[in-house]
Amino acid sequence: MADGTPTLTQTAQAQAPVPPRMVFGVPVTRRSIILGVAIAAVLAVLALCGQWLTFGRFQQSTDNAYVRADISPVSPQVQGIVRQVLVNDNDAVAAGQPLALIEDADFLAKLAKAKADLAAARANLIGRQASARGAGEQVGQQGAQIDRAQAALAAAQADRAKLAADRQRYQTLFDKGLVAEARLQSIDADARRAAAVERAAAAELAWQSGQRDVLSSSRARAGGDVLASVAAVEAAQAALAAAQLDLDRTVLRAPVAGIVGARTIESGQLTRPGQQAMAIVPLDKVYVVANFKETQLARMAPGQKATVKVDGLGGRAFTGALASLAPASGSQFAIVPTDTATGNFTKIVQRVPVKIQLDMAPADQGKLRPGMSVTAIIDTRAAR
């Protein structure tokens, strides 16, 4: 109407119900929205349950885990004054690289003395060996003398026997008056002379035999002297090797490749064996030690896949594998292990260290530092 009053048709249209909004041919109402949300929630719960059943329940994690490395301490093995330190903290070094030098004047003098002692011992051995050879030759020559003495004794015995027989025969002839007394006396004198010669030959043989015993004893002593000289040479060689080793140890070398840390020595400092000078950290061989609860270990076994998230790198994940499980819980390696035999007992879940070996790409080596905190996750789906 002209005065602005709605007509009957307009009023009817205003009061007519608005048709519901359609989505995929389904009217969208408050009830349908609630039902859809409920169905979505149920599906989400079912999905989470399915994920937990197929994946989540096999994942064991802990944030009680840290990056570790087999840090090698460097300590001098000889006492001396540090002449020069060749590296600084945080320097990269190669295996065998010199790290510091110790004054070596005393060790050079000891090495020179050891060389002189070895030369003297060798010269003494040569002299003793010559004496032993001479003693052996004398024993051989004495054997020839004894043979000659035995031959002379045999000849003297033969002469005495012959002259004794002649003496007996001439005595018989003299008794019959067939030979003169002078001839008998001459034969008798020859027989006594032959007997004296036999006694002298026997004495000579005995003396020569005694000399052989003396020379044999001398040869035995010479042989003993040679053995003693050989031992002296070996001792001198060992002393020379020890002196050379001490000289070599005046140069401190890196036992492994890595990064220098905890350096405590300076030039002019007196160092002693066993005093730690620095440490070498092999950043390319880091690993993770994760302390899992004993209730998490049932299905863990070496070789299972592991994931490590590093806090210091914004939660970046690295993959690896479970390398080994500790033979005892951490409390067993404490200085004072817990004694559960006392009356004051409370059951506490223990933690067992687990070693995880990381798969580090060359570009990532050196990014992890021992002592960093990480979160370790072990996938235990690989059955033991």
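The values are calculated or read from the model by the stated rules, or taken from the named source; none is laboratory data. Note that this is a predicted model, so its numbers are computed, not measured. Each accessible area value is taken on the protein alone, full model and side chains, heavy atoms only, with ligands, DNA and RNA left out. Shrake-Rupley method; radii C 1.70, N 1.55, O 1.52, S 1.80 Å.
So the values come out like this:
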item: Compactness of the stretch 68-132 as Cα Rg over 2.2 N^0.38 Å, two decimals; result: 1.91
item: Note, ³J(HN,Hα) from phi for the stretch 120-132, Karplus 6.51, -1.76, 1.60, rounded to Hz, x at Gly and Pro; result: 5, 5, 5, 5, 4, 5, 4, x, 5, 5, 5, 4, 5
item: Computed accessible area, Arg83, all protein chains, 1.4 angstrom probe, square angstrom; result: 110
item: Surface share of carbon and sulfur [accessible, 1.4 angstrom probe, percent] for the stretch 231-336; result: 56
item: Cα convex hull volume per residue for the stretch 281-320 (Å³); result: 108
